[in-house]
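A quick write-up on the structure given underneath.
The values are calculated or read from the model by the stated rules, or taken from the named source; none is laboratory data. What you are looking at is a predicted structure, and each value in this text was computed from that prediction instead of being measured. Glycine gets a Cβ as well: all are built from the backbone with ideal geometry, and neighbour counts include every protein chain shown.
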Amino acid sequence: MADIRLDHIEKYFGDVHVVKDLSLHIQDGSFTVLVGPSGCGKTTTLRLIAGLETVTSGKIFIGDQEVTSLEPKDRNVAMVFQNYALYPHMKVSDNIAFGLMARKVEQAEIQRRVQRAAAMLGIENLLERKPKQLSGGQQQRVAIGRAIVRNPNVFLFDEPLSNLDAKLRVEMRTELLKLHRELKATAVYVTHDQEEAMTMGDQIVVMESGVIQQQGAPREIYFHPRNLFVAGFIGSPAMNMIDGRLENGDFISTHVRIPMGLSGPDREVVLGVRPEDIHLPQALRQERATPPITAQVEVIELLGSRAIVPLRLSNQAMKAVIDERFLNQLTEGESVQLVFDRERLHLFDADSGERIA
Amino acid sequence: MNGTRYWRRALGDWGGTLILVIALIVVLFPYTWIFLTSLKPTALVAKPDVWLFSPTWENWREVLLESDVPRYLLNSVIVGLSTVLIALTVAAPASYSFSRFKTGGGPVRFSILAAEMLPPAVLIVPLFLLMFNLELLDTHLALIAAHLTFVTPVITWFLIGFFDEVPKELEEQAMVDGYTQFQAFYKVVLPTVRPGLAAAAIFGFVLSWNDMFYALILSGGNNKTLPVAIAGFWTFRGIEMGKMAVAILIAIVPVLIVSFFIQKYLVKGLGGGAVKY
Amino acid sequence: MVTRRSFFPFSVRLIVPLALALLVVLVYPLLFSFWVSLHDYSLTALEDIRFVGLRNYIELGSNPSFWNALRNTLVFVFGAVLLETILGFSLALLLHRPGHRFTNVFRSVLLTPMFITPIAVGLMFRFLLNQQLGVIPYLLGSLGIQINFFGSQLALFSLILIDVWQWTPFMLLLFLAGLESLPAAPFEAARVDGASWGFTLRKVTLPLMKPVILVALIIRGLDAFKVFEYVYAITRGGPGDSTETILYYIYKVAFRFFRMGEAAAMAYVLILITMVLVIILYRLMTPKEEA
């Protein structure tokens with residue numbers, strides 16, 4: 001159990017600047033998710049915490065100890081890899097016990113811990129098997145068992161669920177969270193799947209190009225994205241972005257004018273609105289609605305109780321999520337009047353991408 | 001800063017590098033020595049403690065221009081090329097058959113490899129007697145026949161890996177386009193494995209080039225090959241050692257140069273075949 | 001291309017040239033050799049070739065030179081292969097790290113000895129290690145160490161060292177290929193799990209490399225059995241008969257004493273030993289079926 005502090009970490013691979021001046025504080029006992037597109041540096045950051053890579057400059061602290069120059073084995077961390085990384089020639093119980101055997105823990109204690117971990121993960125009956133006789137999900141549990149058994153300060157997960165099929169992935173998510181609560185350990189979890197990040201983390205760290213874009217609780221990231229990237233990355237279907245200008249505190253774009261009452265200089269801006277915050281006028285209370293906007297319905301993609309409706313607003317493509325009760329108001333190919341939820345609008349500076357409101 | 005851990009790791013790295021450097025010296029030392037010996041004037045050859053001398057090309061001149069060594073060199077080349085040519089012609093279709101159709105399965109494929117592992121002692125007596133009776137001793141033909149016994153299996157084995165990598169669709173496309181099976185093999189598949197054929201040819205040539213055992217017994221006189229000629233320098237008088245060094249260098253330098261180019265194919269052919277049957 | 005109606009499928013027709021070639025240069029001589037081994041066939045008495053059945057084979061049992069040659073060969077093979085495996089594996093471990101910039105150069109140079117014609121290697125070391133003319137005894141002498149490399153105690157061992165110089169690279173090649181085919185992830189897991197380098201080597205690397213090591217042992221062992229050139233170049237079987245290997249002895253019997261029948265019989269015994277090893281190799285290399 002320990003907190004993790006990264007201080008101004010820089011990492012270069014040759015000439016490539018993979019991690020740029022990254023400072024991060026991970027609370028003891030939290031489940032922190034590092035999320036971002038491929039190549040954003042999240043896996044590298046995780047490996048830096050593990051000690052599998054060395055920093056180019058900067059310091060890393062686990063608990064009170066500075067671990068920057070320590071080998072992974074001296075950092076008391078455990079890691080679960082994307083492809084499980086099980087020892088193919090050893091049976092499951094030996095795989096789990098490997099770390100303990102390496103540290104010369106005595107046999108009886110090893111037995112005890114292995115049994116306990118296996119019980120927690122429901123794999124007691126697999127202890128005598130070899131990895132290639134197990135399914136993906138079972139192998140993943142063995143990998144987790146191997147991590148648990150060492151009672152580390154920190155658990156590191158490198159996209160552990162990406163190799164599993166969709167249904168299994170969802171099941172494992174819940175299991176991992178339950179385990180986390182039981183073990184009360186600090187966990188750092190890397191994924192490129194924003195949905196996974198949102199459902200699992202107490203803290204989410206969104207990264208892009210080696211830089212932290214935003215750090216916070218899921219709610220905050222979702223409802224108050226700090227810049228264009230975070231806004232567009234989190235949430236599915238993605239947030240709609242409309243280019244326009246801020247003049248006299250109002251948002252103006254072709255065919256759209258939304259009085260916003262904002263102060264500040266006139267500039268180019270981008271208005272963001274999530275698909276689920278676009279409604280038919282009768283669905284939203286007057287006070288919360290923007291003036292009506294006309295758009296053309298392209299398709300209606302029914303998903304059951306709601307539908308995703310791609311729209312065309314002048315020359316811009318957008319998507320709305322409409323409850324099925326209102327679908328009879330919509331006809332493919334025809335124009336319809338819609339309103340945005342005022343309290344859920346996001347305004348970003350066009351140049352910097354930073355949030356204005 | 002936890003410095004001690006760093007030191008231990010750095011020491012390990014340096015230790016490893018040191019061992020590698022020692023190995024490098026061990027390997028390079030004989031080459032250097034033999035090269036220097038070839039440049040030593042004959043009077044100094046018998047003195048191991050003299051290493052500062054003015055080099056002379058006398059040995060090289062004598063061997064290259066005044067001795068029979070160039071003829072033996074030529075013999076080695078002729079035997080090598082002929083062996084490889086015949087071996088390739090015979091082995092390529094067979095390799096293809098083993099790769100594509102798994103002809104004969106494991107046992108047949110493996111007995112081909114086993115043929116290469118036979119000790120030459122086994123064949124030398126019958127081959128010698130046969131050549132003796134056919135009055136073919138001391139001809140190139142005798143030696144080529146002997147070399148075929150181990151070059152052909154090796155080349156066959158070597159090529160299978162390369163044929164394995166040609167996608168089946170290539171020949172199927174050719175046959176759909178109107179070629180017969182053999183034409184598809186000859187005009188489409190073979191050109192695709194050309195690098196493999198080249199590597200196999202070089203490898204086979206080196207094997208033939210290096211053989212001394214068969215050459216010693218089956219060739220002699222004018223048809224001696226280079227290794228036999230080198231062995232002929234056996235009685236060491238000071239005079240011969242410098243020239244022997246030259247002969248050795250002639251024999252090994254081309255092979256060494258070639259080995260640099262062929263290494264990556266070797267890992268595929270040898271290492272891949274032995275490691276992942 | 002003439003398409004012929006044939007009973008043989010295309011795949012078999014492709015092998016015909018190979019089969020014919022091997023039949024002529026391999027199979028026929030093998031059979032002829034067996035025939036010779038059953039006769040008293042002496043090159044010096046060609047008019048007097050008599051059938052003697054298995055007598056040549058039986059007499060081998062009481063031939064001390066034969067057993068001496070076998071024993072020398074076995075000692076040679078055992079010593080050489082052991083050293084080459086340990087050295088080759090250690091070097092492979094050192095060269096396997098991706099960090100070094102010079103790894104490729106190191107590797108290319110270290111692999112070269114295996115390509116040299118063995119007679120050249122033999123002669124090179126003969127003069128390098130020669131008591132009077134050689135550099136190495138001279139250098140050792142200046143350090144106060146006196147070693148007679150080809151004296152009666154050491155001769156076989158010196159030949160082993162020469163074999164080690166030439167063929168360790170071959171083992172290095174095989175082991176490198178093996179190491180490179182191992183999955184990388186378990187090794188990272190071992191780093192995180194807290195395994196020291198030695199522990200990882202013992203518990204992960206070696207077990208995973210076991211098949212490669214075994215195959216390498218047998219291939220190199222079979223090859224080492226055929227040692228001849230070093231003996232021919234340096235010791236000619238001596239001092240005494242302490243370096244007379246089996247192939248050299250067969251050569252001596254056939255081409256110095258001209259007793260072809262005996263030589264052929266010995267060669268056939270050698271085939272038997274070789275075949276046993278080859279079959280073991282085959283079993284090892286064929287992928288095993290899982291139940």
* Within region C:154-189, how many residues turn out to be in a loop (DSSP other than H, G, I, E, B), closer than 23 Å to C:Thr73 by Cα and within 14 Å of chain B (Cβ to nearest Cβ)? -> 0
* Check on A:Lys11, of a type outside the set (Gly, Ala, Ser) and assigned to a strand (DSSP E or B) -> yes
* Structure fact -> Exactly one of C:Leu83, C:Leu133 is surrounded by fewer than 20 Cβ atoms within 10 Å (Cβ to Cβ) and either within 11 Å of chain B (Cβ to nearest Cβ) or among the small types (Gly, Ala, Ser) (or both), and that one is C:Leu133
* Determine which single condition C:Ile58 fails, assuming it passes every other condition in (1) within 19 Å of C:Thr274 (Cβ to Cβ); (2) among the aliphatic types (A, V, I, L, M); (3) exposed (fewer than 13 other Cβ atoms within 10 Å of the Cβ). => (1)
* To do: Name, by its number, the condition in (1) in contact (Cβ under 8 Å) with a residue 60 or more places away in the chain; (2) aliphatic (A, V, I, L, M); (3) under 27 Å from C:Lys252 (Cβ atoms) that does not hold for B:Leu64.
  => (3)
* Out of region A:28-73, which residues are more than 19 Å from C:Ala185 (Cα to Cα), within 14 Å of chain C (Cβ to nearest Cβ) and not β-branched (Val, Ile, Thr)? -> A:Leu70
* Given the structure, is B:Ala145 free of Cβ contacts under 8 Å to residues at least 60 places away in the same chain, in a helix (DSSP H, G or I) and surrounded by 18 or more Cβ atoms within 10 Å (Cβ to Cβ)? -> yes
* To do: Considering only region C:177-194, state which residues are modelled with pLDDT of 85 or more and surrounded by 21 or more Cβ atoms within 10 Å (Cβ to Cβ).
  => C:Ala177, C:Gly178, C:Pro186, C:Ala189, C:Ala190, C:Val192, C:Asp193
* Asked: Has region B:129-137 got any residue that is exposed (fewer than 15 other Cβ atoms within 10 Å of the Cβ) and modelled with pLDDT of 85 or more?
  -> no
* Asked: If the Cβ limit is 7 Å and pairs must be 6+ apart or interchain, which residue in region B:96-117 that is within 19 Å of B:Glu165 (Cβ to Cβ) and at the interface with another protein chain (Cβ under 7 Å from one of its Cβ atoms) pairs with which residue that is at pLDDT 80 or above and surrounded by fewer than 18 Cβ atoms within 10 Å (Cβ to Cβ)?
  -> B:Thr103/C:Val12
* Could you grab me the full set of residues in region B:43-58 that are part of a helix (DSSP H, G or I) and either within 14 Å of another protein chain (Cβ to nearest Cβ) or at pLDDT below 80 (or both)? => B:Ala43, B:Leu44, B:Val45
* Asked: Across region B:159-183, what is the total count of residues that are among the charged types (D, E, K, R) and within 20 Å of B:Ala87 (Cβ to Cβ)?
  -> 1
* Asked: Residue check, C:Ser42 against (1) buried (at least 17 other Cβ atoms within 10 Å of the Cβ); (2) among the small types (Gly, Ala, Ser); (3) over 17 Å from the mean Cα position of the chain (by Cα); (4) over 30 Å from B:Ile34 (Cα atoms), all met but one. Which one?
  -> (1)
* Structure fact -> A:Met79 vs (1) at pLDDT 90 or above; (2) not in a strand (DSSP E or B): all pass except (2)
* Scan region B:103-153 residue by residue and report those that are more than 21 Å from C:Ala254 (Cβ to Cβ) and among the aromatic types (Phe, Trp, Tyr). => B:Phe110
* **Entirely in region C:190-291, the helices (runs of 4 or more DSSP H) that have 3 or more residues that are within 27 Å of C:Phe89 (Cβ to Cβ) and within 14 Å of chain A (Cβ to nearest Cβ)** => C:197-200, C:206-224
* To do: Taking the residues in region B:32-42 that are more than 8 Å from every other protein chain (Cβ to nearest Cβ) and part of a helix (DSSP H, G or I) as candidates, determine which candidate is surrounded by the fewest Cβ atoms within 10 Å (Cβ to Cβ).
  => B:Thr32
* (1) more than 9 Å from chain C (Cβ to nearest Cβ); (2) touching a strand residue (DSSP E or B) at 6+ places or on another chain (Cβ under 9 Å); (3) surrounded by 16 or more Cβ atoms within 10 Å (Cβ to Cβ): which one isn't true of A:Asn76, the others all being true? -> (1)
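What number of residues within region A:296-335 satisfy the criterion of being loosely packed, with under 14 Cβ neighbours inside 10 Å and touching a helix residue (DSSP H, G or I) at 6+ places or on another chain (Cβ under 9 Å)?
Residues flagged as loosely packed, with under 14 Cβ neighbours inside 10 Å and touching a helix residue (DSSP H, G or I) at 6+ places or on another chain (Cβ under 9 Å) within region A:296-335 amount to 6.
Could you say whether any residue in region A:102-109 is under 30 Å from A:Val205 (Cβ atoms) and either touching a helix residue (DSSP H, G or I) at 6+ places or on another chain (Cβ under 6 Å) or crowded, with 18+ Cβ neighbours inside 10 Å (or both)?
The initial filter retains those residues of region A:102-109 that are under 30 Å from A:Val205 (Cβ atoms), namely none.
Checked region A:102-109: no residue is under 30 Å from A:Val205 (Cβ atoms) and either touching a helix residue (DSSP H, G or I) at 6+ places or on another chain (Cβ under 6 Å) or crowded, with 18+ Cβ neighbours inside 10 Å (or both).
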* Asked: Could we say that C:Leu38 is touching a helix residue (DSSP H, G or I) at 6+ places or on another chain (Cβ under 8 Å), modelled with pLDDT of 80 or more and away from chain B (no Cβ under 11 Å) here?
  -> yes
* Do we find that A:Leu86 is among the hydrophobic types (A, V, I, L, M, F, W, C), surrounded by 21 or more Cβ atoms within 10 Å (Cβ to Cβ) and outside any strand (DSSP E or B) in this structure? -> yes
* **Among (1) surrounded by fewer than 21 Cβ atoms within 10 Å (Cβ to Cβ); (2) part of a loop (DSSP other than H, G, I, E, B), the one test that A:Arg47 misses** => (2)
* Asked: For region B:186-230, how many residues are in contact (Cβ under 8 Å) with a residue 24 or more places away in the chain, more than 13 Å from chain C (Cβ to nearest Cβ), of a type in the set (Val, Ile, Thr) and assigned to a helix (DSSP H, G or I)?
  -> 1
* To do: Give the residue that is surrounded by the fewest Cβ atoms within 10 Å (Cβ to Cβ), with candidates limited to residues of region B:14-31 that are at pLDDT below 85 and facing chain C (nearest Cβ under 8 Å).
  => B:Thr17
* Scope region B:172-185; condition more than 11 Å from chain C (Cβ to nearest Cβ) and surrounded by 18 or more Cβ atoms within 10 Å (Cβ to Cβ); matching residues -> B:Ala174
* Which of the following residues is closer than 23 Å to C:Gly178 by Cα and surrounded by 17 or more Cβ atoms within 10 Å (Cβ to Cβ): C:Arg107, C:Arg126, C:Arg97? -> C:Arg107
